[in-house]
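*Asks:* For reference, the structure I am asking about is given below.
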């Protein structure tokens, strides 16, 4: 089973992701609303995958946090974002081991993307 950390500032959205992921057979090892909460969780958990929004509470956005995480761990990151700004999409593509899906998230698209991550790490 793959362990996933959810980093999403909207509690209701985060809860919805948790339910979807658990139905798909994934273990959600934690949820964080801010970059600081995420850093605290990552100090004690090593997930197989991070699902993260671009816009977070706290001092860092998702892109900054992804760069920091990849500075010491090669954890794949799936951004789930409503932003389709070209500079955001380009920044995600510029990060190694990162992909994105646009909100609202379709459950089938999410499952397909997660299965790709699982196959890539096998």
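*Asks:* Residue 120 - would you say it is surrounded by 15 or more Cβ atoms within 10 Å (Cβ to Cβ) and over 21 Å from residue 12 (Cα atoms)?
*Replies:* For residue 120, the condition - surrounded by 15 or more Cβ atoms within 10 Å (Cβ to Cβ) and over 21 Å from residue 12 (Cα atoms) - is not met.
*Asks:* State whether one or more residues within the stretch 78-88 are surrounded by 17 or more Cβ atoms within 10 Å (Cβ to Cβ) and part of a helix (DSSP H, G or I).
*Replies:* yes
*Asks:* State yes or no: is residue 79 over 13 Å from the mean Cα position of the chain (by Cα) and modelled with pLDDT of 95 or more?
*Replies:* No, not satisfied.
*Asks:* In the set 92, 88, which member is more than 24 Å from residue 20 (Cα to Cα) and touching a strand residue (DSSP E or B) at 6+ places or on another chain (Cβ under 9 Å)?
*Replies:* So the residue among 92, 88 that is more than 24 Å from residue 20 (Cα to Cα) and touching a strand residue (DSSP E or B) at 6+ places or on another chain (Cβ under 9 Å) is 88.
*Asks:* If you don't mind, there's one more thing I want to ask. Residue under question is residue 73, and the condition is that it be loosely packed, with under 14 Cβ neighbours inside 10 Å and outside any helix (DSSP H, G or I); does it hold?
*Replies:* When the stated conditions are applied, residue 73 passes them.
*Asks:* If residue 99 meets every condition in (1) at pLDDT below 95; (2) assigned to a helix (DSSP H, G or I); (3) in contact with a helix residue (DSSP H, G or I) (Cβ under 7 Å, 6 or more places away or on another chain) apart from one, which number is that one?
*Replies:* (2)
*Asks:* I'm trying to understand the selection: among the residues of the stretch 7-63, which are surrounded by fewer than 17 Cβ atoms within 10 Å (Cβ to Cβ), under 15 Å from residue 111 (Cα atoms) and free of Cβ contacts under 8 Å to residues at least 40 places away in the same chain?
*Replies:* Within the stretch 7-63, 16, 19, 22, 23, 25, 27 qualify.
The values are calculated or read from the model by the stated rules, or taken from the named source; none is laboratory data. Everything numeric in this text was worked out from a predicted model, so none of it was measured. No Cβ is skipped: glycine too gets one built from the backbone with ideal geometry, and neighbour counts run over all protein chains shown.
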